[in-house]
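The values are calculated or read from the model by the stated rules, or taken from the named source; none is laboratory data. This is a predicted model, so every value here is computed, not measured. Please note: Cβ atoms are built from the backbone with ideal geometry, for glycine as well, and neighbour counts cover all protein chains shown. Accessible surface is based on the protein model in full, side chains and every heavy atom, while ligands, DNA and RNA are left aside. Shrake-Rupley method; radii C 1.70, N 1.55, O 1.52, S 1.80 Å.
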Amino acid sequence: MKPAAGPEGPPARTRAAANPARHAATAAAPSAQADEAAQTRARLLRTALALFAEQGFAPTSIRQIAAAAQVNVAAVSYYFGDKAGLYAAVFRGAPDPAGDLPPEGIDTLEALYDRFLAPFRQGDLVRLWIKLYRREMLEPTGLWKARVEQNMRPMHAAVVALLCRQLGLQQADDEVHRLAITVVGLAVHLFIGCDVIELLAPQLAAGPDRLDEWRARLVGYAQALIDAEKLRRKQAAGARRRAGTPLHRPTTGKSA
């Protein structure tokens, strides 16, 4: 039994069979439109990143971004709402060594430094991200503070937990927090200060071909700091024993 024709002509199956090429083109149209939309959105993000990084948020206009991206000004509103929405989308897309921590936290120094070195595998693009970070710190819009609370604070807690395991401590004191800041600081300087490093010692620039070497050195330096802290604590405990001071004082959050 043949399918009945509807009020607008033969049923879809009959039309598709009669003209398969036209049917395929019609089906592909939404996909092509989606691809074009994704490309437009990505071009806006990439262009806005360059302009926000070089000029900052306030001096950069939507018209300037649209012109540089070769899109209509209305595209910014369509995809991001307004300039603040575009800036937020750019900032959220920046690589964040402290973002997306696994449930188990950070279990090794190698895993810690891999997170900081990963953005350098993106080549020159990382420099724009770093400039954007600097801009946000110097001319805050509120996004930097939010990132500190959402990502950096959990990262600090994960590093403190790693150090407590290495030092054999049940609870962190001020010296563990100090050590965590120092251990992370080794990588933060490499990340934020890459332009200065290139001026001082260009042969050590953290390009893609130097990342494994940097990783090994950072792990070695951090382990030396941890070993030094172990020794300091051992010597402090010995001094307290000789002085007759209790080894385990009430917990105050201060240094051991």
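Looking only at residues that are open to solvent by 80 Å² or more (accessible area, probe 1.4 Å) and assigned to a helix (DSSP H, G or I) in the range 138-157, which one is farthest from TYR87 (Cα to Cα)?
In this case the residue turns out to be ARG153.
Can we say ILE62 is of a type in the set (Val, Ile, Thr), closer than 27 Å to ARG210 by Cβ and open to solvent by less than 60 Å² (accessible area, probe 1.4 Å)?
Here the answer is no, as ILE62 does not meet what is asked.
If I filter the range 96-121 down to residues being in a helix (DSSP H, G or I) and either of a type in the set (Asp, Glu) or open to solvent by less than 10 Å² (accessible area, probe 1.4 Å) (or both), which single residue comes out as modelled with the lowest pLDDT?
Here the residue is PRO119.
Which residue out of VAL126, VAL176 is more than 16 Å from the chain's Cα centre (by Cα) and open to solvent by less than 60 Å² (accessible area, probe 1.4 Å)?
Only one candidate qualifies: VAL176.
Among residues belonging to the range 68-87 that are of a type in the set (Val, Ile, Thr) and within 12 Å of ALA42 (Cα to Cα), point out the one that is most open to solvent (accessible area, probe 1.4 Å).
VAL71
Do you know which residues across the range 128-156 are over 19 Å from CYS194 (Cβ atoms) and β-branched (Val, Ile, Thr)?
Across the range 128-156, the qualifying residues are THR141, VAL148.
From LEU162, LEU186, LEU167, grab the single residue that is over 25 Å from ASP100 (Cα atoms), in contact (Cβ under 8 Å) with a residue 12 or more places away in the chain and crowded, with 16+ Cβ neighbours inside 10 Å.
Matching residue, one of LEU162, LEU186, LEU167: LEU167.
Residue by residue, here is whether (1) modelled with pLDDT of 85 or more; (2) in contact with a strand residue (DSSP E or B) (Cβ under 7 Å, 6 or more places away or on another chain); (3) outside any helix (DSSP H, G or I) holds:
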{"position": "LYS2", "(1), (2), (3)": "no, no, yes"}
{"position": "ARG22", "(1), (2), (3)": "no, no, no"}
{"position": "ALA29", "(1), (2), (3)": "no, no, no"}
{"position": "ALA38", "(1), (2), (3)": "yes, no, no"}
{"position": "LEU45", "(1), (2), (3)": "yes, no, no"}
{"position": "ALA48", "(1), (2), (3)": "yes, no, no"}
{"position": "ALA53", "(1), (2), (3)": "yes, no, no"}
{"position": "THR60", "(1), (2), (3)": "yes, no, yes"}
{"position": "ALA89", "(1), (2), (3)": "yes, no, no"}
